[in-house]
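As structure tokens, the structure follows; a few thoughts come after it.
The values are calculated or read from the model by the stated rules, or taken from the named source; none is laboratory data. Here the structure is a predicted model, which is why all the values come from computation and not from measurement. All Cβ positions, even for glycine, are placed from backbone atoms using ideal geometry, and neighbour counts span all protein chains on display. Just the protein is used for accessible areas: all its heavy atoms, side chains included, with ligands, DNA and RNA removed. Shrake-Rupley method; radii C 1.70, N 1.55, O 1.52, S 1.80 Å.
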Amino acid sequence: MADRGSALETAWVLHARPYRNSSLVLDLFSAGRGRLGVVARGGRRNHHLQPFRPLLMRFAGRGELLNIQQVESAGSPLPLAGRALYCGMYLNELLVRLLHRNDPHPGLMAPYEATLNALATDVPAQDVLLRHFELALLDELGYSFSLTEDATGAPLRAGQTYRLDPELGLVPAASGWPGSALLGMAAGDWQDDTRRVARDLLRAALAPHLGSRPLVSRELFR
């Protein structure tokens, strides 16, 4: 719910779709409200309402979709292009798919903004930025698991392989994720094999929560 006297809030556009002649229905991410749906009357004429641009907004109304009372730019659009743009779209799609509306997750705002800002600098290890965000997202949603201990609390061993149990965490197994790569993730030692394992491991960790519908943004990387 929103009051007419609510304060301006920092928000980012995650997704937009046309509504009627000149309006938009937006999925937004704000620190205080989490993901929320809003109607932007005449929004197609407002150049501020675009992804990857920090905004200050005030909302009014009740129910599933709020109305935007006021919107101001809080900074310039981030210059994401090419693969960095796909990465940003992936972040946004994860938040749209995994966050419930009106369920605040203030701990996600800092890693989200930090990841976008780093992508805008065209850093070479963009996949590592995504892995850090995925780990932060899993932790914020209560689905995290240890990268240094298995499900019994025993330290991970470099020579052991592990499988991921979504409910328990990493479990020793005859085949699976190599302990050396998992420990590399925990230590921030992002060698090529660690990066491959991290990508596949976190895809497996997110899969039960994303459901069977594929992520559109993942197809762009192909």
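Normalising by the residue count of the chain, find the relative contact order in percent from Cα pairs under 8 Å and 6+ residues apart. Walk me through the numbers before you get to the answer.
Details: 384 pairs, mean separation 34.2, N = 222.
Once divided by the residue count of the chain, the mean separation gives 15 percent.
Let me make sure I get this right: for region 23-94, a, b and c are the square roots of the gyration tensor eigenvalues over alpha carbons, sorted descending. Under 1.5 in a/c it's rounded, otherwise prolate if a/b > b/c, else oblate. Which is it?
On the way: a/c = 1.95, a/b = 1.55, b/c = 1.26.
Prolate.
What is the projected area of the convex hull of the Cα atoms of region 125-185, averaged over all directions, in nm²?
That works out to 4.2 nm², a quarter of the Cα hull's surface.
Under the rule a/c < 1.5 gives rounded, and otherwise a/b versus b/c splits prolate from oblate, where does region 161-222 land using the Cα gyration tensor? Don't jump to the answer; show the numbers that get you there.
Details: a/c = 2.43, a/b = 1.31, b/c = 1.86.
Here region 161-222 falls in the oblate category.
Give the angle, between 0 and 90 degrees and rounded to the nearest 10, that separates the Cα long axis of helix 109-119 from the longest principal axis of the Cα atoms of the chain.
Between helix and principal axis, roughly 80 degrees.
Taking a 1.4 Å probe, which of Asp200, Asp122, Asp165 shows the most accessible area, and what order do the others take after it?
On the way: Asp200 60, Asp122 115, Asp165 35 Å².
Of Asp200, Asp122, Asp165, the descending order of accessible area is Asp122, Asp200, Asp165.
Rule-of-thumb check for the chain: C-alpha Rg over 2.2 N^0.38 Å? Please report the intermediate quantities before stating the final value.
On the way: Rg = 19.3 Å, N = 222, 2.2 N^0.38 = 17.1 Å.
Rg over 2.2 N^0.38 Å, computed on Cα atoms: 1.13.
With every protein chain kept in place and ligands, DNA and RNA left out, what is the accessible area per residue of region 1-155? Probe 1.4 Å, answer in Å². Before the final figure, lay out the partial values.
Values: 7320 Å² over 155 residues.
Computed with neighbouring chains in place, this is 47 Å² per residue.
Using only the alpha carbon atoms of region 89-195, find the Kirkwood hydrodynamic radius as the inverse mean reciprocal pair distance, in angstroms to one decimal. Write out the running numbers ahead of the final one.
On the way: mean 1/r = 0.0658 Å⁻¹.
Its Kirkwood hydrodynamic radius stands at 15.2 Å.
Quick one: putting +1 on the C-beta of Lys and Arg, -1 on the C-beta of Asp and Glu, what dipole do you get for region 63-203 around its Cα centre, in Debye to the nearest 20?
320 debye
So how do Arg203, Arg157, Arg20, Arg33 rank on accessible area, 1.4 Å probe, biggest first, that is with the largest at the start?
On the way: Arg203 105, Arg157 140, Arg20 175, Arg33 35 Å².
So, going from the largest accessible area down, we get Arg20, Arg157, Arg203, Arg33.
Specify whether the C-alpha gyration tensor of region 32-158 places it in the rounded, prolate or oblate class, a ≥ b ≥ c being the square roots of the eigenvalues: rounded for a/c under 1.5, otherwise prolate if a/b is larger than b/c and oblate if not. Please report the intermediate quantities before stating the final value.
Numbers: a/c = 3.12, a/b = 1.56, b/c = 2.00.
Since a/c reaches 1.5 but b/c is at least a/b, the shape of region 32-158 is classed as oblate.
What size of dipole, in debye to the nearest 20, comes out for region 1-153 about its Cα centre when the only charges are +1 on Lys and Arg C-beta atoms and -1 on Asp and Glu C-beta atoms?
With only Lys, Arg, Asp and Glu charged at Cβ, the dipole is about 1020 debye.
Got the relative contact order for region 120-222 handy, in percent, Cα pairs under 8 Å and 6 or more residues apart?
Values: 108 pairs, mean separation 22.6, N = 103.
For region 120-222, the relative contact order is 22 percent.
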